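Okay, so here's the structure we're looking at.
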Amino acid sequence: MDYYLISTSAHDRSLAGVLVEEFVLCEDFTAAGIDSAEWGSETGEWLAAPEVSRLIRSDGALRARVRPAGRRAAREAYARLGGGELPEEEELREHFRRRQPLPTTAPLRLGSGPDKDRRYRILFAGELGADGLAGAQAALRLKPTGDPRVVGTASVSAGGHGFTWELRRIGSGIAWCVDVTARLGGGSLATLEALLTYQRQAVRRQGLIPVTVERFA
């Protein structure tokens, strides 16, 4: 699960609530939707929050009030706001009553690569400061490219497959993406799933909000 701390305003960083999300993935590990629930200190109850999940990805003013966190930080904030003990994740899922759907389409065949090649894009909303950018470069083990549009690239062989990925700016730094090419071999696809999950979480920990996981081929 992904946890976010919600502040009173962009200027007042006093905590006001906790948002919990979970990506719903298809068989090919693309994102089909986001389940979420929000707890606010004013209401004192958990409510399904698909509108909040949508707006923090499209509304910069609201996104400025949201900070990605781990479960430990969310647990401490929840207790500090008077919520008591943060429910276990199975219990939190009971509040996921309305899903925020994400558009899904069949992947297109782009280029002339082998049929077993897959191309994914993990899209993020937000801005990376200098520290966040350095953290993302380290977590993704990126090597500089010299291309101003591409922060860095990396590759690895694991689980019988070959993977290459790069971190890209989109627009004027208001959105980012990790583009992944998977050259599938005979190993388990669990390695691919684990890599995509790691990359999504690694960049989220630097302050960006994951929007979706798409597949282009």
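The values are calculated or read from the model by the stated rules, or taken from the named source; none is laboratory data. Everything quoted here is computed from the prediction, not taken from an experiment. Virtual Cβ from ideal backbone geometry, glycine too; neighbours counted across all protein chains shown. Calculation scope for accessible area: heavy atoms of the full protein, side chains included, ligands and nucleic acids excluded. Shrake-Rupley method; radii C 1.70, N 1.55, O 1.52, S 1.80 Å.
General observations
- Hey, residue 22 touching an Asp or Glu at 6+ places or on another chain (Cβ under 7 Å), closer than 27 Å to residue 119 by Cα and among the acidic types (Asp, Glu) or not: yes
- A count restricted to segment 34-46 and to residues that are on the phi < 0 side of the Ramachandran plot and open to solvent by 30 Å² or more (accessible area, probe 1.4 Å) stands at 5.
The rows are residues; the columns are (1) in a loop (DSSP other than H, G, I, E, B); (2) of a type in the set (D, E, K, R).
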{"position": "122", "(1), (2)": "no, no"}
{"position": "131", "(1), (2)": "no, yes"}
{"position": "137", "(1), (2)": "no, no"}
{"position": "141", "(1), (2)": "yes, yes"}
{"position": "163", "(1), (2)": "no, no"}
{"position": "167", "(1), (2)": "no, no"}
{"position": "182", "(1), (2)": "no, no"}
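- Within segment 61-104, being in a helix (DSSP H, G or I) and surrounded by 13 or more Cβ atoms within 10 Å (Cβ to Cβ) holds for 62, 63, 71, 73, 74, 75, 76, 77, 78, 92, 93.
- Pairing residues of segment 11-29 that are under 21 Å from residue 199 (Cα atoms) with residues that are open to solvent by 20 Å² or more (accessible area, probe 1.4 Å) and not charged (D, E, K, R), at Cβ distances under 6 Å and at least 6 apart in sequence or on separate chains, gives 20/1; 22/1; 24/32; 26/32.
- Checked against the criterion of being crowded, with 20+ Cβ neighbours inside 10 Å and either within 27 Å of residue 181 (Cα to Cα) or modelled with pLDDT under 95 (or both), the candidates 31, 49 yield just one match: 31.
- Considering 106, 217, 125, 175, the condition of being in contact with a Lys or Arg (Cβ under 6 Å, 6 or more places away or on another chain), modelled with pLDDT under 95 and of a type in the set (A, V, I, L, M) is satisfied by 217 alone.
- The one condition in (1) acidic (Asp, Glu); (2) at pLDDT below 95; (3) farther than 30 Å from residue 42 by Cα that residue 131 fails to fulfil: (2)
- Matching residues, segment 143-161, being in contact with a helix residue (DSSP H, G or I) (Cβ under 8 Å, 6 or more places away or on another chain) and either assigned to a strand (DSSP E or B) or of a type in the set (S, T, N, Q) (or both): 151, 152, 158, 161
- Within segment 42-77, considering residues that are over 22 Å from residue 103 (Cα atoms) and among the β-branched types (Val, Ile, Thr), the one farthest from the chain's Cα centre (by Cα): 43
- Hits in segment 122-169 (condition: among the small types (Gly, Ala, Ser), without any contact (Cβ under 8 Å) to a residue 24 or more places away in the chain and surrounded by fewer than 18 Cβ atoms within 10 Å (Cβ to Cβ)): 130, 134, 138, 146, 154, 155, 157, 162
- Considered as a group, the residues in segment 1-28 that are farther than 30 Å from residue 217 by Cβ and among the β-branched types (Val, Ile, Thr) include one that is most open to solvent (accessible area, probe 1.4 Å), and that residue is 8.
- With respect to the conditions (1) part of a loop (DSSP other than H, G, I, E, B); (2) modelled with pLDDT of 95 or more; (3) open to solvent by less than 40 Å² (accessible area, probe 1.4 Å), residue 206 lacks only one, and its number is (3).
- Filtering segment 170-190 to residues that are on the phi < 0 side of the Ramachandran plot and either of a type in the set (Asp, Glu) or surrounded by fewer than 17 Cβ atoms within 10 Å (Cβ to Cβ) (or both) leaves 170, 172, 174, 179, 183, 185, 186, 187, 188, 189, 190.
- When segment 7-35 is limited to residues that are β-branched (Val, Ile, Thr) and not in a strand (DSSP E or B), the one that is nearest to the chain's Cα centre (by Cα) turns out to be 30.
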